[in-house]
Each structure stands twice: as C-alpha cells, then as structure tokens.
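The values are calculated or read from the model by the stated rules, or taken from the named source; none is laboratory data. As the structure is a computational prediction, the values presented were derived from the model and not from experiment. Because the Cβ atoms are built from the backbone with ideal geometry, glycine has one as well, and the counts that use them run over all protein chains shown. Side chains are part of the model used for accessible areas, which takes the heavy atoms of the whole protein and leaves out ligands, DNA and RNA. Shrake-Rupley method; radii C 1.70, N 1.55, O 1.52, S 1.80 Å.
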Amino acid sequence: MTIDYHRLPDAHGRFGEFGGVYVAETLMAPLADLTAAYERLRTDASFIAEFDHDLKHYVGRPSPIYHAQRLSQKVGGAQILLKREDLNHTGAHKINNTIGQALVAKHMGKRRIIAETGAGQHGVASATVCARLGIPCVVYMGAVDVERQAINVYRMKLLGAEVRPVQSGSKTLKDALNEALRDWVTNVDDTFYMIGTVAGPHPYPQMVRDFNAVVGREARAQMLEQYGRLPHALVACVGGGSNAIGLFHEFLNDADVAIYGAEAAGDGIATGRHAASLAAGRPGVLHGNRTYVICDDNGQISETHSVSAGLDYPGVGPEHAYLKDAGRATYLGITDDEALAAFHELARTEGILAALESSHAVAQGIKLARELPKDQLILVNLSGRGDKDVHTIARREGLNLM
Amino acid sequence: MSRISDRFAALQAACRPGLIPFVTAGDPLPEATVALMHALVAAGADLIELGVPFSDPMADGPVIQHASERALLRGVGLVQILAWVEEFRRRDSTTPVVLMGYLNPIEIYGVQRFASQAVAAGVDGVLLVDCPIEELTTAQPLRAAGLEQIFLAAPTTDAARLEKVCAAAQGFLYYVSFAGITGAAHLDTDAVRRRVTEIRQRAHTPVAVGFGVKDAATAANIAGFADAVVIGSALVDTLAGSADAAEAVARATAFLAPIRAALDALRTDHAA
C-alpha cells in the first residue's frame, strides 16, 4: 500500500507515532486557538493571496534553480542543481515561514511576537517581519550563541527587536526555545510565538512546513519546465529541518525521487560531538513533540556540536522522524570538515558563499553525485547564504578579521 | 483506596488543609533528600512532591531550573530517586509521594520499567508536566501499574476542557494559580478563589493549588478555599546553598513550620 504523505499530520498533529502536543496545561488553550486560526486561514483564498503577494514582492520569489556546471564537472558524476534560497530577502529560507506566521499573528490580533534563534537567521527573519508589521519583537538567544553570532545580534537590534540572552542550561538554541515557551506561557493573551523550525507542538510542525513548502512547489514546476523531468534526488541539510521539509514535501509522493537529509555530524558521530538526531538519536519527547532526540541514558538532553549554529539542535522535526522510520528519506551525517570543504569548493567553482548549514547539503550532494551517472540530476537546497559565517570560517582557519 | 485518597480523606475528616511541599530530588545535596522528606513530614507535610530533574524544564522558573541543574551535575537520575523513595518508605508508610517531572527521562528509562519499579519503591503518583490529557496513552502503563496520574488545570483551561481533565484526574487535581512558570509573579487570590471554587464543584478529586505560593500568608489565603496548598520554589530557594544534610533539614523545618501553623490557625478559626 502506498502512503499519501500529503495527508499528514493527522488531526492530533501526529506523523505516525511522532509529533503530538506535549506541553504544560497552560499552553493547551493558546495552541488550540492557533490550530483553529491556522486551519481556517490555510485554505482561505485571501490569506493565500496575501502570503503569495508578500513572497513575490517582499521576499523576491520565486528563487531560481541554478545548474552548478563547473562544480558538477569537477565532481565528475551526476549534475548538481541548486535551489537558490540564499537569494531570498534576509538571505535564507527562514523568511518564508516568518512571513506566513506574521500574517497568522495579524489575523489573530496578537500585539507582541516572540521567537527563539540559534544562529540568528530566524531571529533576523522574525525581526524583519515585525518591523514591517510595526509590532514589538523579543528574540530569545542562548548566551553562547549571542557571543558567536554578534553580527546577527546587531542586525536584529537594527531591525528594532529586543534580543534576550538566555543563561540557563547549555545557553544555546534548545535553551532559547525553553525560555521562549516560558515567556509564552506567561503572556498567552497577547503574544504570538513564532517558532523557527518544523519542531515544537502541533500545529507548528505542520504550519512551518506549509509555509516553507513553497520551495518544493516552485522547484517541482521549475524542474518540469527547465528539464522536462523531476530530479533523481533531493538533498537538504537538517537541523530542525524546515528547509528540508520545505523542499521535500511536494515530492514525497513521487516515489522515483530519492530524498536525502544531511545532518550535522560535527567532529564525527563516533566522537559524540555532533548534532545528528536522526542518525544517532533515539525516540523521545522534547519541546512539545515526540521525535528523535539526542540524550543520555537518563533521558537528559545532551549538548550538541556543529560548526553550524543553525544545525546545532538535539531534536528534529517529527515529520523527518516519520520519514526516516517509513524509509521514505535517508538521513546521513556530514562532518564539520566535510561541510567546510564543500563551502570552499562551491565558492571557488561557482562564486557562491553558502551558509555553513547549507554547506552540509552541498557536501552530501557532492558525495551523491560521485556515485551517480552524469545524466542524473541532483537538486540541492542552498538554504542560505554564507555572509554570516565568514568570521566563523576565518577563525577556524586561524585568521582574525576584526 | 490509595495512600493519596486515604490521606485526603483523613485531611477532610480533620478539617485540616493539606500542605504539599515540593523539593527537587538530589537538591541541595543528594545525601539530603531522604532526610529532607522525613523532616518535611515532621514539620507538617501531608504529601510530598519530589521533582525529577530534567535538562530542559520548560514550565519551570529560574529557582527550580537551577535546582535541576545542580542535581544533574551530581548525576541524579531515576534509579537513585526510586532508591530514595524506597528508603523513605522504610520509616514512613503513610505519607504519599508524587514524582513530578517531564516525560523524556521516563520515556528513555522505559515507561513500563519505570512504572513497576516506582510502585515497588512506594511512589504513589506521577505528575508529568508535558503530558496533557491528549497524550494519555503515553502514560497508560503508569496507570496500569497502579500509579495515580496527577493532572494540571490552568487559568487558560476552559469549561469543556476542564470536564475532560476532571474525568482523567486521579489522586488530586493540581490547579496552576496563574499563567506562567513556577515561582513567578504575585497571586490574584480572588481570581484563584473563583476558579478553584468552580473546579471543586466539577472535580471528583480534591484540588490542590500551586505556583506562586511563597509564604505562610499566601498559603493560608489559598487554604481558605482549596483542599491543599503546594509550595515549591520558595522552599527550594531556601534550601539552596545548604552546607550539608543537617543544615538543609534545619532550613526546611524552619521554613515549613510557620506555614503549617498558619494553616492550622485557619482550622481553629473555622472551628470558632
């Protein structure tokens, strides 16, 4: 029997055994309100028109598919195509989701927006849409991340957002999420929580996926138009997994299209210093949903490691957990070194500085291309641009730019 | 009958407002936990809530977050916590013990394995903060093994939902006095009274009120209309930094005694 992947999640927000609503009682009512509002809006013609209009005129969609010919030639295998989400306003796919959630917040009459951020990309995308709406935006960011992502912190401030460093736990993305949930539970009446990835309690995994699914819808049409066929394989990086599910979703029922997610293997999965929840984690409950998590034998969430702050998260969206167990998608680890090598390769062959997150996808795309014949097409989601990472890369290479 | 329902029945018969202190297992020191539990009972606790530390306590304020972090740094986990409850039970066979925490540690331990071992150790109930009634099936093995599942009701819980929460509740219903995290803010006692009165009409279990109860005055206020009062962050904060188990015990006793006295004075007032 074939699975219709587009019917998921079910009414309880479950993707098979994953997903659901695992939150404290106080948040059940605001989540029910959000679910009801989103259910109404997602099929509302004027809401969809408003969303599409913003994506076209504010974000700059559609983003092109670019044939990385020199890179493909150098690799010597299948053709590598790039979905250029890096060309969006604010430099990544994250804006697709914040545009959508901002419209939902507006329709719900919310007067304050909160968000969590790791690398700062979702924080910037949230601050951006809040500036445009003229409503206050508070961004929670782990104190460690505030240190390593100073430029994005400043970008958020320039956009009028308040950045609150989080001092609890490991002081990274997972703790920022905890703190945002604590803020929300304290300010349920007027506050909208803008989650940046396809994790969290229902309806977030579905809603964030739907807003990013524009990536796959465009890509499918572009492939048919430019190449007269669908790609043989899709590749995207997976931290929480929003850019990946955004690309994958439209293709899930196309059984001939192979799907690969590249997780952050950090120093290597065997070292324990990684963020590969699907490849090396186990089913558990974190941040409101059942999914694969990285934790110790006592169920305590582990600190993760990746050169890319955006992939440095111990959980993963529940739909990815489902796709892994269903065998529909394959999730593989890419180490820091492999991602950095891919970053340089793409820069030198194509003149594109990819985000470190996206460089994991590029590395996986290169690996895959080597194994496949030249007439096959691999579509890699270039989810963001690398300007934000220039300092990190310089530091790793022993340079100090400032 | 269970230890929890026995205890609430006895409280009701004696017109005694229930006092439920919360301490994080293993905090301020792992060697203090069992001694603390006995000291709390001696100082007037009617039921003990023992917090299971978790790395990501999303419903907790800074005080309990830090207590969890301290306990985790000392390697406190479920094996040890169950051993402490077992040790407590050797000298106290009547005071109910409820474990309060988050799902993941229990999931990873194995819900079934945890359930049978917890019952064997003498745990009476479990309050899983991130397991609302919608996810009941997750906790089914707990109920099947005989652990009572305590549920929360919140200011945001509407009437229709409250019916379902009351129907699912075992042991007692824990009313969260305000929308927020543990240990925060001030209490709007009138709003809490209105809500608790409404809930008590619907619930078939006793109703305890927690979050934001800081001292004897607020406790007595709440006890005027609730079956029991939960006091957590203020106690945990008091215990923090104790040099040894004896100091933790002394601090706990000094903290709880005036609260117990205020609740008992309430009873005398009612009688008079």
A careful count of residues in the range A:275-321 that are of a type in the set (Gly, Ala, Ser), under 18 Å from the mean Cα position of the chain (by Cα), closer than 27 Å to A:Asp389 by Cα and within 14 Å of another protein chain (Cβ to nearest Cβ) gives 2
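One line per residue, one yes/no per condition, for (1) aliphatic (A, V, I, L, M); (2) outside any loop (DSSP other than H, G, I, E, B); (3) surrounded by 24 or more Cβ atoms within 10 Å (Cβ to Cβ):
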| residue | (1), (2), (3) |
| --- | --- |
| A:Glu225 | no, yes, no |
| A:Pro231 | no, no, yes |
| A:Val235 | yes, yes, yes |
| A:Phe248 | no, yes, yes |
Output for the range A:284-316, where each listed residue is open to solvent by 10 Å² or more (accessible area, probe 1.4 Å), within 20 Å of B:Val52 (Cα to Cα) and assigned to a strand (DSSP E or B)
A:Arg290, A:Cys295, A:Ile301
Does A:Asp86 satisfy the condition of being in contact with a strand residue (DSSP E or B) (Cβ under 6 Å, 6 or more places away or on another chain) and assigned to a helix (DSSP H, G or I)?
yes
Unique residue being open to solvent by 10 Å² or more (accessible area, probe 1.4 Å), under 17 Å from the mean Cα position of the chain (by Cα) and not aromatic (Phe, Trp, Tyr) when the list is A:Glu350, A:Glu357, A:Glu371
A:Glu357
Flag for A:Arg112 being closer than 23 Å to A:Val316 by Cβ and charged (D, E, K, R)
no
Hey, does the range B:36-57 have a residue that's under 24 Å from B:Val119 (Cα atoms), charged (D, E, K, R) and open to solvent by 10 Å² or more (accessible area, probe 1.4 Å)?
no
For residues in the range B:85-117 being hydrophobic (A, V, I, L, M, F, W, C) and more than 20 Å from A:Asp296 (Cβ to Cβ), which is nearest to the other protein chains (Cβ to nearest Cβ)?
B:Met100
Of the residues that make up the range A:17-33, is at least one buried (at least 22 other Cβ atoms within 10 Å of the Cβ) and more than 14 Å from every other protein chain (Cβ to nearest Cβ)?
no
Going residue by residue through the range A:61-68, is there one that turns out to be within 14 Å of chain B (Cβ to nearest Cβ), at pLDDT 95 or above and in contact with a strand residue (DSSP E or B) (Cβ under 6 Å, 6 or more places away or on another chain)?
no
Inspect the range B:104-111 for any residue being in a loop (DSSP other than H, G, I, E, B) and not charged (D, E, K, R) and give the result as yes or no.
yes
So for the range A:274-287 (the condition being out of contact with any Gly (no Cβ under 9 Å at 6 or more places or on another chain) and farther than 15 Å from A:Glu357 by Cβ), does at least one residue qualify?
yes
Between residues in the range A:389-402 that are surrounded by 10 or more Cβ atoms within 10 Å (Cβ to Cβ) and residues that are polar (S, T, N, Q), which pairs lie under 8 Å by C-beta distance while being six or more apart or on different chains?
A:Asp389/A:Ser308; A:Ala394/A:Asn400
Among the residues of the range A:151-202, count how many are among the aliphatic types (A, V, I, L, M), in contact (Cβ under 8 Å) with a residue 40 or more places away in the chain and either surrounded by fewer than 24 Cβ atoms within 10 Å (Cβ to Cβ) or farther than 26 Å from B:Ser55 by Cα (or both).
3
Right, A:Ile151: part of a helix (DSSP H, G or I), assigned by the TED database to the domain that holds A:Ala180 and touching an Asp or Glu at 6+ places or on another chain (Cβ under 9 Å) or not?
yes
If I ask for residues that are under 16 Å from A:Val59 (Cα atoms) and either modelled with pLDDT under 95 or assigned to a helix (DSSP H, G or I) (or both), which ones from the range A:203-215 would you list?
A:Phe211, A:Asn212, A:Val214, A:Val215
